[in-house]
Structure formats: C-alpha cells, structure tokens
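The values are calculated or read from the model by the stated rules, or taken from the named source; none is laboratory data. None of these values were measured; they are calculated from a predicted model. In this analysis, Cβ positions are derived from the backbone assuming ideal geometry, glycine residues included, and neighbour counts consider all displayed protein chains.
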Amino acid sequence: MTVTQLQANIEHWQSRVELTASLRWTERLNLHEAVANHFSLAVSGDGTQFLMNPNQMHFSRIKASDLLLLDANDPETLNRPGAPDPSAWGLHGSVHRRCPHHRCLMHVHSIHATVLASLADSNIPPIDQNTATFFNRYVIDNDFGGVAFEDEGERCAVALQDPSKKVMIMGNHGILVMGDTPADTFNRMYYFERAAETYIRALQTGQPLRVLSDEIAEKTAHEIETFPGAANNHLAELMRILDDEGSNYAS
C-alpha cells in the first residue's frame, strides 16, 4: 500500500505521523526504556478517543500505521485483539478520560528525569534557562503505588486537573509530560530531560547553586512558553531529517 493510499484509508494521518516521529526521536536520544514507555494523543473533542503506540513494540520500529486508536470509555479494550499494554491503558486511558485539557501525553523513564524522581525532594530549582522553563509548571507525585494499572492511573489523573501543570514528576517512577500536540509535548519532554540533567550535574559538583529569583524564573518561563514557533519547528526539523534518511516512520 502506498503512503497516499494509507493517508486515504487511515484516520488522523498527520497526527499519526507526528506522534510516530516523536517516538522515533525519543529512541534516538535514548530517552526511552526498552519497550516499556508510551505516548498518546487525543483525537476527539472530549479527549477520550486517542492514538497510542502498540504493546511491546520498540520505538525505533513503530510506523504511523501501527498506532492504536483507542476509546478511554471502552471497558472491553484490554479484551480485544491487539490490546494495549495494561499499564499504558491504566495511565493514559485514565488521564484522557479525566483530563481533556491534556491532549498529548508522553511517559518515559529517561535517565536524568528518573534520577530527579528518585530524590526525596524532586523539585527542580531555576538555575538556568532550561530549569526556569518549568518554574511553577510541574506537579510532583509522592504516592507511587506500583505499576500504573487503572487504579494508579486514576490516582494520577486526579493530580492533573490544573491545565498549567504540564509535567508530572512521578516519584520513584519517571515523568509524564503533557501538551496540546506531539510537537508541543515532545519539545517539553526534551527540555525537561535537559533541565534535569543540568540540575543533577550541578548537584554532583557539591558547590552552592546559583538560583534565580522567583520573578526572573517566572519571566523566563513565560517568555519561553510564548516564544513563536519553537516547538513546531523543532519537530518539523526532526521529521525532515527522518525523511532525508529514508525512514519508514510515515508509512
């Protein structure tokens, strides 16, 4: 089947392509963990119908046509052929069901963000531009209850009612990053990992931290939040690289 035929026969094609490009680059940057992490994107107005990567498929192999189309309100989802990972269904299904303001979700166990999530104090102080980006824009989950099956997912969803909190630092687990589109969410995930790395490396020096004032941190976060086109251009450039390499992600 040609790409043109796929576009004609598969719903939400451009959304599939952008989410798959995000999966491919997450693997290339080593932000993934084996076949354990999951991305999803709401495609209905109420957020309950969503795309998600298939169960136990490596990010480097996923194609746009492989993505699952799921309904968060369908209780039979896990009983159907080609069912998603039960933990992915528990977390992503719950958030899409309860938090329609969070359209795209990316859950990873990236190295530095997970180190941050393993600290007794998982706050990330504004010590540079990247860390300041997240000032007052994350929530910390301190109540890890095991693998994110449905009960755990429902609990997490309760903590994500504030649309301004677009990163959940999942204590003892990893991170859940939220956004409006794959580009918006991937860009935020990328910079959160960079921010966590800067903070962890700064702690490793044992020297005092140069922490920005709340006023400058908020100003910086707002300026980056409203910087025109940055997230869209970031993912568009990564997709051009994949296209130049002859990748089959958009098939």
>> Given the criteria out of contact with any His (no Cβ under 8 Å at 6 or more places or on another chain), at pLDDT 95 or above and part of a loop (DSSP other than H, G, I, E, B), does Asp121 qualify?
In response: yes
>> Could you list, ordered by first residue, the pairs with Cβ atoms under 6 Å in which the first is in segment 113-126 and over 15 Å from Phe144 (Cβ atoms) and the second is surrounded by 15 or more Cβ atoms within 10 Å (Cβ to Cβ) and of a type in the set (Gly, Ala, Ser), at least 6 apart or interchain?
In response: Pro126/Ala132; Pro126/Ala217
> Hey, among the residues in segment 212-245 that are exposed (fewer than 13 other Cβ atoms within 10 Å of the Cβ) and among the polar types (S, T, N, Q), which one's modelled with the lowest pLDDT?
Replying inline: Thr226
>> Among (1) crowded, with 18+ Cβ neighbours inside 10 Å; (2) touching a strand residue (DSSP E or B) at 6+ places or on another chain (Cβ under 8 Å); (3) of a type in the set (A, V, I, L, M, F, W, C); (4) assigned to a loop (DSSP other than H, G, I, E, B), there is one condition Phe135 misses while meeting the rest; what is its number?
In response: (2)
>> Among the residues that make up segment 187-198, is at least one of them of a type in the set (Ser, Thr, Tyr), closer than 24 Å to Glu18 by Cβ and surrounded by 17 or more Cβ atoms within 10 Å (Cβ to Cβ)?
In response: yes
